[in-house]
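Read the structure below first, then the notes.
The values are calculated or read from the model by the stated rules, or taken from the named source; none is laboratory data. Quick caveat, the model's predicted, so the values are computed rather than measured. With ideal geometry, Cβ positions are generated from the backbone for all residues, glycine too; neighbour counts draw on all protein chains shown.
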Amino acid sequence: MFDQIKIREDFPILKRLIKNNPLVYLDSAATTQKPLQVIEAIEKYYRHNNANVHRGAYTLSEEATSLYEEARLKTARFINAEMTESIIFTRNATEGINLVANSWGRANLKEGDEVLLTQMEHHSNLIPWQLITKEKGAKLKFIPLTPDGKLDLTNIHKLINEKTKFVSLVHISNSLGTINPVEDIIQIAHSFKIPVLLDASQSVPHRRVDVQSLDCDFMVFSGHKMLGPTGIGVLYGKYNLLDNMPPFMGGGEMINEVQLEWSDFRNLPWKYEAGTPHIAGAIGLGVAIDYLNNIGLENIQQHDKELVSYAMEVLSNLDGIEIYGPKDTRGSLVAFNLKGIHPHDVSTILDEYGIAIRAGHHCTQPIMRWLDVAATVRASFYLYNTKSDIDKLATGLQKVKEIFKRGS
Amino acid sequence: MFDQIKIREDFPILKRLIKNNPLVYLDSAATTQKPLQVIEAIEKYYRHNNANVHRGAYTLSEEATSLYEEARLKTARFINAEMTESIIFTRNATEGINLVANSWGRANLKEGDEVLLTQMEHHSNLIPWQLITKEKGAKLKFIPLTPDGKLDLTNIHKLINEKTKFVSLVHISNSLGTINPVEDIIQIAHSFKIPVLLDASQSVPHRRVDVQSLDCDFMVFSGHKMLGPTGIGVLYGKYNLLDNMPPFMGGGEMINEVQLEWSDFRNLPWKYEAGTPHIAGAIGLGVAIDYLNNIGLENIQQHDKELVSYAMEVLSNLDGIEIYGPKDTRGSLVAFNLKGIHPHDVSTILDEYGIAIRAGHHCTQPIMRWLDVAATVRASFYLYNTKSDIDKLATGLQKVKEIFKRGS
Amino acid sequence: MAVSDLYSEIILEHYKEPHNVGELDCPEVFAKGYNESCGDDIKIYAQIKNGKVEEIKFKGKGCAISQSSASMMTDLMYGKTIDEAKEFIKQFTKKITGEEDFPSDSDEWFELSALKGVIKFPVRVKCASLSWHTLLQGIKEFENKNELKQ
Amino acid sequence: MAVSDLYSEIILEHYKEPHNVGELDCPEVFAKGYNESCGDDIKIYAQIKNGKVEEIKFKGKGCAISQSSASMMTDLMYGKTIDEAKEFIKQFTKKITGEEDFPSDSDEWFELSALKGVIKFPVRVKCASLSWHTLLQGIKEFENKNELKQ
Ligand SMILES: Cc1ncc(COP(=O)(O)O)c(C=O)c1O
Ligand SMILES: Cc1ncc(COP(=O)(O)O)c(C=O)c1O
């Protein structure tokens, strides 16, 4: 499918030994590792082209500006945005959602209005809406879950009604792996002329996401979850919506005329990018996108799919394991628990074998409550993972069980 | 004073040729160049320690977390903050001001209240206050300027009164170089129990700034203006103020308990750091701080001072130059115009000689209006600049004048 | 130090069958603790009689480290005066952060020293300390209340 | 290409003594332009008579490139029909972005080709184009108004 050995060579961290074992990194849903190409692009920028953007008439500043804007163009093409002006660089997915909740929300929500989320939202797509609906006296509603962790759309036509003003939902769940039927929900919402924000943090890195064919109104994702640097994320928005919203933050780079008492805001996308942006971050994200395009998102999706199927198969064979989320298709992660063993203990023991795996609520406490667990263990995969990583995970889990078998 | 040659060796970009001339970088007030130490720290992080912070129980995540929190500690020590919890990592100075304007401002401002700024604020310390005072029906007031570009404190006791609820001002002006008597203003404001925010973007990189001895309530600055990476900035705030303000953005990492309808926010500093932070950026900033500490801020201040005096002397000798701002002490920058020549033309011509200099309004349009000019040329200096850079600037300006002498 | 030493049999026994689990009605000492870094929580309840801990219970979810620590801690608190309890918490904090060694010749510390392995796992120190800190907080609130009454 | 070619004598002459500077009362065509990347602005005023540009003025602050370009542009607009003006702007845009060469054998383009040097300075292309784009915007608004009247 693709040359796994060559790909792994691109990721220097994979050569690290953790407690004398080679690193088995299974936490890409939290953040991914970075290929040399991205690391070197950042280095090159600081060594050769570093300058502030947009306002210098000298060579370095022109270079920095065109590298920065080229990254925006790459990002626009990557998600098939209709225009580059629709791409706002943020710190991360979280900031993108906060921008929309504050800017769109404060301008449009009023008492009695409803914002519809789902019960499987990441805290990042929950708390901003809690804050703004509370401020405005609006209400939150939630699409519930079916027992196997999918969205229960039975009552969707009641949940989306004339009171609903906004729908915000996750594309692929980071704690269940569920792939949501966002096309259907967008279509229903649009029939009420309700804008929809997609939290694509777990989908954009792993599959082709086309904002025009999905027809979502806003979409957010994080660079650090798709081989890019930390501190850079993306908010996509339809031009007309973004253009009509008030700015979120004020400052340099985002204005035309400034008087002491008022200001005239600049066009998109700069209106939403106040202050000096994370120039190196955007450039690094652009190179990460090049890298993903070179390998091909279809290949990555196929690879992830095979790994997840293999993981489901291997892990199901372990005694006393409970796997959460849909049994059929799912994003490239598996969340589970070993009976009677707390996830943090699992993670600490696996770390002794070089296996980096997440234990916790994965910023989705409502799902933990729904699963009636304190926390889960989550293994998540990306293009650099191999079946052998999963075998090592299975062996490690066996060790965990052996250790816990004692003392009884 | 300090080994200039050795310092310049640390900055790879200074070896670059621009149009066949060695780069003379005179735009450090916009953003500074980065030493190898910072570039390599970022690289090292991505090659060896990259993981998400705060929630992983595995080695990489522990390492990333402790590197990130160590950077916070270094930052706290650098400005002598009373506790590390007072250090919030933001994208840049601009975000810090927006955070306070939104969080403190929305919770505390009401109709008729006044917020006091100065006429020399950067747009970043003006527009956030325009937005929030407009929302709340509050008013902006401005400390005016004396003819030589200092704050005119004659009427300060009228400007600060019982209607005043907040004072926000720049420590060192980025377009005039004025060093403001912030201690005095803070003292007057505190006598009315009014909190004061200091925009220290141009001071923290260049001199020792001690938040406890200044007794400011909030302070902001940007990493990229002090040898650090892009995308990372700092908001300092007194614990009690920060602790009592509502959060700015909501998301992962900033909560304790999350129910569908409400959440319980985490302690400082995490309450204000929603979502995955710019981990590599914070680490890079920490290393930049190490670098500055190694050289010694007192040495840097002395060096800057000598350069500015020299620049003032050399530039004053040019026919037809007008220099703006105070004639006595000033920050490490000189803003000026050549009679009859537009700043952008100056900048384009200087670029031919490798000289990177800023032309424009420097995000301070109200000052341009006050100076009654469309724009200015600004040369700004930092530890890697030499007197020879200033000589080259003077020669370059002579060339500009020659070119413009033709055609008349 | 192998990870199986961290998960010693003493710890696993206390984890699997923790002592003093439960709630008390109208406890004089009560506090809730929360481990921000992993989401574990705990509630501690105690009854004080004649200045001494007469009864103590805890309830919470958490890892083997935090549960076993709470189980052993509650065992050892029975009969202690407020001041003894506070001193004991202080001592434990010093040991678990590696500032002082665990005593090797003390009955009271015999079981507790099974937690020694935690020192090498900095993120897990919080797990081991959670119940202790929570009890301390409860005691302080209890003392404040009593002061106010006087 | 030396920077002194960018600042040729033709350009400097127009910059120092720009033609057609001023305002018009009740202009039929009016537009304001703003160069976001450097803060320059311009206002353009024109009177149309019998479908042709009868008078045209501009006012603004800006660099040698933008001012000389506006000066030459306004000179050349006199007497042009609306369609000719639009076509001329289109042609200029192609030349200044380097898409097409400046004609070497045309009187009309003789002075304008002094702007040729700008092509090598991408950030300055906006300066050279500002007055042209602004006029185009003014013409479009003028046409819209007239359509509405019909
Ligand atoms: C005085 C002052 N304040 C604020 C800023 C804004 O900094 P940033 O763009 O990094 O947010 C700057 C830098 O341009 C500045 O000089
Ligand atoms: C589904 C989902 N939404 C939002 C986020 C938040 O991403 P970030 O922390 O980069 O803002 C994450 C990542 O943790 C996620 O998985």
ask   = Taking strands (runs of 3 or more DSSP E) that fall entirely within segment A:311-408, which contain at least 1 residues that are surrounded by fewer than 17 Cβ atoms within 10 Å (Cβ to Cβ)?
value = A:321-324
inquiry  = Suppose we keep only residues that are outside any helix (DSSP H, G or I) and in contact (Cβ under 8 Å) with a residue 24 or more places away in the chain within segment C:79-138. Which one would you say is farthest from A:ASP345 (Cα to Cα)?
reply    = C:THR81
query = Which ones in segment B:67-79 are in a helix (DSSP H, G or I) and of a type in the set (Val, Ile, Thr)?
reply = B:THR75
remark   = A:LYS392: passes all of (1) under 18 Å from C:VAL3 (Cβ atoms); (2) within 14 Å of chain C (Cβ to nearest Cβ) but (2)
Matching residues in segment A:143-158 - criterion: being in contact (Cβ under 8 Å) with a residue 60 or more places away in the chain and under 21 Å from the mean Cα position of the chain (by Cα) = A:LEU145, A:GLY149, A:LYS150
task = Identify all residues within segment A:80-105 that are within 17 Å of the chain's Cα centre (by Cα), within 18 Å of A:ASN240 (Cβ to Cβ) and not in a helix (DSSP H, G or I); write none if there are none.
result = A:ILE87, A:ILE88
query = Has segment B:1-21 got any residue that is farther than 16 Å from B:TYR291 by Cα and touching a Lys or Arg at 6+ places or on another chain (Cβ under 7 Å)?
reply = yes
query = So which strands (runs of 3 or more DSSP E) are wholly in segment A:106-211 and hold at least 2 residues that are buried (at least 22 other Cβ atoms within 10 Å of the Cβ)?
reply = A:114-118, A:164-170, A:196-199
ask   = Can you name the number of the only condition in (1) of a type in the set (S, T, N, Q); (2) more than 25 Å from A:THR59 (Cα to Cα); (3) outside the structural domain of B:TRP129 (by TED's automatic domain parsing) that B:ASN21 fails?
value = (2)
ask   = Restricting attention to segment B:221-269, and to residues there that are at the interface with chain A (Cβ under 10 Å from one of its Cβ atoms) and aliphatic (A, V, I, L, M), which single residue is nearest to B:GLU95 (Cα to Cα)?
value = B:ILE232
task = Could you list, in sequence order, all residues of segment B:214-253 that are surrounded by 24 or more Cβ atoms within 10 Å (Cβ to Cβ) and either of a type in the set (Asp, Glu) or assigned to a strand (DSSP E or B) (or both)?
result = B:ASP217, B:PHE218, B:MET219, B:VAL220, B:PHE221, B:SER222, B:GLY233, B:VAL234, B:LEU235, B:TYR236, B:GLY237
ask   = Are any residues in segment A:44-84 in contact with a Phe, Trp or Tyr (Cβ under 9 Å, 6 or more places away or on another chain) and small (Gly, Ala, Ser), and if so, which ones?
value = A:ALA51, A:ALA57, A:ALA64, A:ALA71, A:ALA76, A:ALA81
query = What tally of residues in segment B:273-293 results from selecting those that are within 16 Å of ligand 1 (Cβ to nearest atom) and touching a helix residue (DSSP H, G or I) at 6+ places or on another chain (Cβ under 7 Å)?
reply = 5
note = Within segment A:333-342, residues under 12 Å from A:VAL373 (Cβ atoms) and touching a Gly at 6+ places or on another chain (Cβ under 7 Å) come out as A:ALA335, A:LEU338, A:LYS339, A:HIS342
Among residues of segment B:223-259, those that are farther than 24 Å from B:ALA200 by Cβ and touching a strand residue (DSSP E or B) at 6+ places or on another chain (Cβ under 9 Å), counted = 7
message = Testing A:HIS123 on (1) farther than 28 Å from A:HIS54 by Cβ; (2) more than 15 Å from ligand 2 (Cβ to nearest atom), one condition comes back false. Which one is that?
response = (2)
query = Has segment B:16-30 got at least one residue that is more than 12 Å from chain A (Cβ to nearest Cβ) and either more than 16 Å from ligand 1 (Cβ to nearest atom) or closer than 20 Å to A:TYR46 by Cα (or both)?
reply = yes
inquiry  = With the requirement that a residue be closer than 15 Å to A:LYS225 by Cα and more than 16 Å from ligand 1 (Cβ to nearest atom), what does segment A:89-107 give you?
reply    = A:ASN92, A:ALA93, A:THR94, A:GLY96
query = Can you name the condition, by its number, that A:ASP351 falls short on among (1) more than 14 Å from chain B (Cβ to nearest Cβ); (2) on the phi < 0 side of the Ramachandran plot?
reply = (1)
query = If you scan segment B:89-107, which residues turn out to be within 16 Å of ligand 2 (Cβ to nearest atom) and touching an Asp or Glu at 6+ places or on another chain (Cβ under 8 Å)?
reply = B:PHE89
task = Looking only at segment A:77-92, decide whether some residue is more than 30 Å from A:LEU214 (Cα to Cα), touching a residue at least 12 places away in the same chain (Cβ under 8 Å), facing another protein chain (nearest Cβ under 9 Å) and not β-branched (Val, Ile, Thr).
result = no
inquiry  = Tell me whether segment B:248-269 contains one or more residues that are at pLDDT 95 or above and of a type in the set (Ser, Thr, Tyr).
reply    = no
ask   = Got at least one residue in segment C:10-20 being over 29 Å from B:ILE255 (Cα atoms) and of a type in the set (Asp, Glu)?
value = yes
ask   = Name the pairs whose Cβ atoms lie under 8 Å apart, with the first residue in segment B:36-47 and within 8 Å of another protein chain (Cβ to nearest Cβ) and surrounded by fewer than 24 Cβ atoms within 10 Å (Cβ to Cβ), the second in a helix (DSSP H, G or I) and not hydrophobic (A, V, I, L, M, F, W, C), and 6 or more positions between them or separate chains?
value = B:GLU43/A:GLU43; B:ARG47/A:PRO12
inquiry  = B:ASN80 - would you say it is closer than 30 Å to B:ALA138 by Cα and either of a type in the set (S, T, N, Q) or at pLDDT below 95 (or both)?
reply    = no
request  = Could you list, in sequence order, all residues of segment B:48-66 that are assigned to a helix (DSSP H, G or I) and either on the phi > 0 side of the Ramachandran plot or touching a residue at least 24 places away in the same chain (Cβ under 8 Å) (or both)?
outcome  = B:ALA64
